[in-house]
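The block underneath contains the structure these notes are about, expressed in structure tokens.
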Amino acid sequence: SSDDKTLKEKLKSGFEGQVEDIVHELGLMKGSIMKAGQMLSLHAGEFLPEEARNVLKTLENNTYYLEWDQIKSQIPAEWHNSLDIDHEPVAAASLGQVHIAIDKETGEKYAMKIQYKGVKKAIEQDVKALRMLLKMLNLLPKDIDLSLVFEEIKEMLHRETDYTQEAEATKKYAELVKDFDWCITPEVIDEYSTDTVLTTTWLEGIELRSEAVLTLPQSSRNELGKNFMDLFLREIYQWGVIQTDAHFGNFMISKDFKKWILIDFGATKFASQSECENYKNLISACAYRDRDKFLSVIKEMGYLTESNKTNYDTLWEYCELISEPFNQHPYNWGVSDIPDKILEMSQKLATDLDIGRPPGDTVFIDRKVAGVFHVLKHLGAVIDSKQLLEPLINGSKDSVPHKVS
């Protein structure tokens with residue numbers, strides 16, 4: 001009825017106005033609802049109406065620091081005898097913050113990530129709250145079942161708050177890239193790590209957003225871009241170990257501008273054989289524009305319901321769009337407008353596709369793909385991705401890590 005409509009509109013407009021306040025409250029209390037919001041906006045973004053995207057965007061841009069007094073109880077008291085821990089954080093994320101610690105005996109400098117108290121306990125409630133909030137505001141699509149997506153978000157939040165697991169992932173990744181001389185990862189300092197505090201060696205580097213990186217000669221940016229893309233493809237095709245959170249804060253460039261410094265492995269996904277196979281098939285089908293293979297993988301993964309409502313020509317048009325980077329030799333990421341074109345297509349996709357239950361297990365690989373896109377675009381790299389892909393698909397022996405010239 002029209003009364004209902006105005007009530008909803010009031011709720012919506014009222015809520016839009018208060019987003020700042022609500023987010024501020026949530027931000028101060030719990031990081032996981034913000035993190036869940038960020039994840040949802042990235043993955044289910046194209047399934048959500050614009051108001052929902054705006055609400056989630058607001059969640060994305062809020063980070064708060066906790067005062068030292070509020071966070072110091074997370075650290076075992078006896079550590080203070082051997083460590084000098086700076087009370088001012090150098091970085092904050094939604095689930096914790098990073099402080100510099102100096103080893104009193106050796107003078108060695110560490111990065112100490114301290115988790116916010118209660119974050120782990122709050123995850124179940126937070127994801128539920130986010131879902132309820134969006135439902136109440138009528139911002140979740142009726143015809144798409146996002147339950148698997150929400151489950152995976154919960155699982156990843158649990159993983160990101162398990163610093164013991166993150167320490168393991170950091171060591172594992174270091175092992176995988178040890179022969180790449182263009183890649184640096186931190187070392188875990190076990191004696192100063194617990195399941196809510198993770199201490200690693202401090203790595204100095206140059207921020208990705210800095211002017212110095214943007215003004216590098218094209219050839220340097222191409223080399224960095226090529227290595228970044230290579231790393232992503234190896235994660236999928238060779239290792240099944242995927243650092244799924246490719247936002248700019250998780251990477252730096254070494255001072256000689258030749259190496260990638262990878263600093264955060266909290267969101268590392270150890271993908272199963274079948275998850276990797278599906279994603280490999282998807283990438284290969286796109287890269288080689290194999291229509292039959294693409295459609296069968298999409299069905300196999302559960303993206304589509306078995307109905308006659310889907311217009312496969314529209315779906316293929318989408319595939320041709322997202323596979324551009326593999327089909328231009330080389331592709332200029334700097335001028336890429338793929339996200340804008342996807343946005344233009346979104347209405348048509350919504351109308352022409354009968355989406356089933358988007359598979360939860362791809363949510364974080366999707367997040368990685370989005371991150372890789374933004375990093376390569378930011379670098380303005382011009383690279384031939386198919387050249388990197390071919391040896392991995394053929395599993396040839398010559399796909400050894402290449403050396404920096």
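The values are calculated or read from the model by the stated rules, or taken from the named source; none is laboratory data. Because the structure is predicted, anything quoted here is derived from the model rather than measured. Cβ: placed from backbone, ideal geometry, glycine included. Neighbour counts: every protein chain shown. Surface areas here come from the heavy atoms of the whole protein model, side chains and all, with no ligands, DNA or RNA. Shrake-Rupley method; radii C 1.70, N 1.55, O 1.52, S 1.80 Å.
Maximal additional length on extending the Lys104-Lys299 stretch stands at 64.4 nm, based on 0.36 nm per residue less the C-alpha distance. Remark: for residue pairs Lys104/Lys259; Lys117/Lys368; Lys259/Lys368; Lys154/Lys226; Lys269/Lys341; Lys293/Lys368, the C-alpha separation exceeds 25 Å in Lys104/Lys259; Lys117/Lys368; Lys154/Lys226; Lys269/Lys341. Charged neighbours of His87, selected by a Cβ distance under 11 Å, balance to -4 (K, R count +1; D, E count -1).
The Cβ shell under 12 Å around His378 holds other residues with a net charge of +2, Lys and Arg each +1, Asp and Glu each -1. Highest average first, the peptides 282-292, 210-220 ordered by how many other beta carbon atoms sit within 10 Å of their residues are 282-292, 210-220. Residue by residue, region 272-286 carries 3J(HN,Hα) couplings of 6, 3, 6, 4, 5, 4, 4, 6, 4, 4, 5, 5, 4, 4, 5 Hz when phi is fed to the Karplus relation 6.51 cos²θ - 1.76 cosθ + 1.60 (θ = phi - 60°); x denotes Gly or Pro.
Between amide H atoms placed 1.01 Å from N, distances below 5 Å from Thr244 occur with Ala267, Thr268, Lys269, all of them 5 or more places distant or on a separate chain. Each residue of region 202-214 was assigned a 3J(HN,Hα) from its phi angle through the Karplus curve 6.51 cos²θ - 1.76 cosθ + 1.60 (θ = phi - 60°); the sequence is 7, 10, 8, x, 10, 5, 4, 7, 5, 4, 4, 6, 5 Hz, with glycine and proline shown as x. Solvent-accessible surface (1.4 Å probe) assigned to Met301 amounts to roughly 20 Å². Note on Gln328/Asp290: beta-carbon distance plugged into 1/(1 + (r/R0)^6) with R0 of 25 Å gives a FRET efficiency of 0.90.
With R₀ set to 51 Å, the beta-carbon distance separating Ile393 from His87 gives a calculated FRET efficiency near 0.50. Here the contact order of region 280-339, divided by its residue count and restricted to Cα pairs under 8 Å and six or more residues apart, works out to 34 percent.
Could you pull out which residues in region 195-227 have an amide N less than 14 Å from a spot 7 Å beyond the Cα of Glu168, following the Cα-Cβ vector? Once the point is set 7 Å along Cα→Cβ of Glu168, 195 turn out to lie under 14 Å by backbone N, inside region 195-227. Across region 94-175, Cα pairs under 8 Å and at least six residues apart give a relative contact order of 23 percent. What the Cβ-Cβ distance of Glu50 and Glu320 gives, at R0 = 25 Å and to the nearest 0.05, is a FRET efficiency of 0.45. Rounded to the nearest whole Hz, the Karplus-based 3J(HN,Hα) values (6.51 cos²θ - 1.76 cosθ + 1.60, θ = phi - 60°) of region 215-231 follow the sequence 9, 4, x, 3, 5, 5, 5, 5, 5, 4, x, 4, 5, 5, 5, 4, 4, with x at glycine and proline.
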